[in-house]
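Just so it is clear, none of the values below were taken in a lab; they were calculated from the coordinates. As the structure is a computational prediction, the values presented were derived from the model and not from experiment. All Cβ positions, even for glycine, are placed from backbone atoms using ideal geometry, and neighbour counts span all protein chains on display.
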Amino acid sequence: MSLDLSRPVSPPRPGGRLDIVISALSSDAHTWNLVFVQLLLEELGHEVRNLGPCVPDSVVVQACREQMPDLLLVTSINGHGVRDGTSLIRAVRQRPELASMQVAIGGVLGIDGTQHSSKLLAAGFDAVFEEHAGRASLRAYVGALRNRHE
């Protein structure tokens, strides 16, 4: 897991709960792991809106503009995480009202077997969870965000 927690956070929500949007990338049709991540985050006490699979960048950006979540978490299983993730984070960071929103990406981010964290952090993501990061890494990241809100 690679993190950049320097971006400011929005004001705290009741009970330290985070408002989180999760989505697959535009070319990624997986559903089961989105449901798993949603359930994990809800069990941790957070509000989660699951946008589903194959979500175009413009739909993700619009959902974030409407909801103004504390965290956007995007996932990839098909290995196009670097390509599609870079496109999405550019679209998100072009919107001034989303500049302070935490954005994380995780899953199978490439097909060449190399680490992609530095490239995705440089593109504008705040956290990158490589393929085998595990639940503990996500829990730690979300816990750190929650602590910054309290």
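Between G107, G45, G124, the Gaussian network model of the chain with springs among Cα atoms under 10 angstrom shows the greatest mean-square fluctuation at G45.
Rounded to the nearest 20 debye, the dipole size of the chain about its Cα centre is 260 debye, using +1 on the Cβ of Lys and Arg and -1 on the Cβ of Asp and Glu. Note on the chain: antiparallel DSSP beta bridges, both residues inside, total approximately 10 percent of the bridges counted. Over the C-alpha atoms of the stretch 91-150, the Rg to Rh ratio, Rh being the Kirkwood estimate, stands at 1.00. Note on the chain: with a GNM built from Cα contacts shorter than 10 Å, the maximum mean-square fluctuation among E131, E97, E47 falls on E97.
Between the alpha-carbon centres of the stretch 118-134 and the stretch 62-81 there is a gap of 13 Å.
Model label sites at Q67 and H132, defined 7 Å from Cα along the beta-carbon direction, differ in position by 3.2 nm. Each of A122, A63, G110 was placed along the dipole of the chain (beta-carbon charges, centred on the mean Cα), and the one lying farthest toward the positive end is A122. Any chance you could give the angle, 0 to 90 degrees and rounded to 10, that helix 32-43 forms with the longest Cα principal axis of the chain? Result, in degrees: 20.
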